[in-house]
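The structure under discussion appears below in the form of structure tokens.
The values are calculated or read from the model by the stated rules, or taken from the named source; none is laboratory data. This one's a predicted model, so the numbers in the text were calculated from it and none came from an experiment. With ideal geometry, Cβ positions are generated from the backbone for all residues, glycine too; neighbour counts draw on all protein chains shown.
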Amino acid sequence: MSEQPEVPLKGRSLVTLDDISTHQIEELLHKAAYIDSHRREVAHTCDGRVLATLFYEPSTRTRLSFETAMLRLGGSVIGFAGAQLSSVSKGESIADTLKTVSNYVDIVAMRHPKEGAALVASRAASVPVINAGDGGHMHPTQTLADLATLMSRFGRITNLTVGLCGDLTFGRTVHSLIETLCRFGNVNFVLISPDELKTPQYVIDRIKATPSCSYVEVKDLAAVIGDLDVLYMTRVQQERFFNEDDYLRLRDTYILDEEKLSHAKPDMAVLHPLPRINEIAVEVDNDPRAAYFEQVKNGMLMRMALESSLLGDELPGYVPLQPK
Ligand code: CP
């Protein structure tokens, strides 16, 4: 896919990472690394700013890290976690909610169970809107956290064999990550799922359209684990199943434990967007290959980089990345 001309991030919304250039993604990674090593220096970057977190779906990491990110940059936070206590419960539309909240805040992070809700919100709002997950579609800031974790583990996000395992149908983090890695190129994808939870065709088409990337679809994790640089585990998304019996039948298909991990490369990285149910045994947490709590920290740092960038608030002492 050819890139659109680059538009500065200030004042923009982020619905999908396709909204921004690959250089801007690299710049956000660079900024997040700077923030991590200059926490005191950046603590007043967003003084006086207000973030709204509008979460129509449950969340721990995404909401709390968006909020912590703004607080650590000197700003404040309002919002709701669950729409039942807002006027959404009276039938207020997304558009009216965003037109209202735009009067109160400088930037919005929104999670919604419907695909496309973030796009609707971004069109109605007069301030930047960040997609914090829209149904089974996209989760761009999780992808930023994933990329930061690959950078910290490998020093690169290309020339990797990346296994994605579990619910590849409903796992929006998987869709965002594959699409974004395709933009950087040179990735071999190993898509590990049961037949019922395969990767959607539009995501497969994206890989096929990228000559430097390849993919295979397999069912057996044990047969491929030794080939992988990255194993991205996912939870079977109960909330998106229409049939409880199907969920119960599929939820335990893949469980990563130390025995399975003993067949993996010594420097393979295990990622998971979390929350996990039982797809990674707790014993794996102590394995140096477990990178999922690093992902959590990187999520906050990337959201700090993103919030300050969309607001146009400059980080003191930060020197931008030069284009290649
Ligand atoms: N990874 C992620 O989106 O986690 P939460 O659902 O807890 O926000």
* Determine the pairs where a residue that is more than 28 Å from R251 (Cβ to Cβ), located within the stretch 179-194, has a partner that is buried (at least 18 other Cβ atoms within 10 Å of the Cβ) and at pLDDT below 95 with Cβ atoms under 7 Å apart, the partner being 6 or more residues away or on another chain. => none
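So which of Y232, Y247, Y215, Y254 is in a helix (DSSP H, G or I), among the aromatic types (F, W, Y) and assigned by TED's automatic domain parsing to the domain that holds F170? Working first, answer last.
Working: Y232 fails: in a helix (DSSP H, G or I); Y215 fails: in a helix (DSSP H, G or I); Y254 fails: in a helix (DSSP H, G or I).
Matching residue, one of Y232, Y247, Y215, Y254: Y247.
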* Structure fact -> Being more than 16 Å from the ligand (Cβ to nearest atom), more than 15 Å from the chain's Cα centre (by Cα), without any contact (Cβ under 8 Å) to a residue 24 or more places away in the chain and in the same structural domain as P58 (by TED's automatic domain parsing) narrows S102, S93, S126 down to just S93
* Asked: Right, G82: away from the ligand (no atom under 16 Å from the Cβ), surrounded by fewer than 18 Cβ atoms within 10 Å (Cβ to Cβ) and either under 21 Å from the mean Cα position of the chain (by Cα) or under 30 Å from Y232 (Cβ atoms) (or both) or not?
  -> no
* **Meets criteria (in contact with a strand residue (DSSP E or B) (Cβ under 8 Å, 6 or more places away or on another chain), more than 16 Å from the ligand (Cβ to nearest atom) and either in the same structural domain as M110 (by TED's automatic domain parsing) or closer than 29 Å to V203 by Cα (or both)) for S13** => yes
* What residue, of L98, L71, L64, is assigned to a helix (DSSP H, G or I) and crowded, with 20+ Cβ neighbours inside 10 Å? -> L98
* To do: Scan the stretch 29-37 and give yes if some residue there is under 28 Å from E6 (Cα atoms), aromatic (F, W, Y) and modelled with pLDDT of 95 or more, otherwise no.
  => yes
* Count of residues meeting criterion [closer than 25 Å to A132 by Cβ and surrounded by fewer than 18 Cβ atoms within 10 Å (Cβ to Cβ)] in the stretch 279-295 -> 2
* Just give me the residues in the stretch 140-172 being charged (D, E, K, R), part of a helix (DSSP H, G or I) and within 16 Å of the ligand (Cβ to nearest atom), in sequence order. => D146, R172
* Structure fact -> Those residues of the stretch 39-61 which are under 24 Å from K99 (Cα atoms), within 16 Å of the ligand (Cβ to nearest atom) and outside any strand (DSSP E or B) amount to Y56, E57, P58, S59
* Structure fact -> Residue count, the stretch 62-79, condition under 25 Å from P273 (Cβ atoms), in contact with a helix residue (DSSP H, G or I) (Cβ under 9 Å, 6 or more places away or on another chain), more than 12 Å from the ligand (Cβ to nearest atom) and hydrophobic (A, V, I, L, M, F, W, C), comes to 4
* Asked: Has the stretch 204-224 got at least one residue that is under 26 Å from D19 (Cα atoms) and basic (K, R)?
  -> yes
* Identify all residues within the stretch 206-258 that are at pLDDT 80 or above and basic (K, R); write none if there are none. => R206, K208, K219, R235, R251
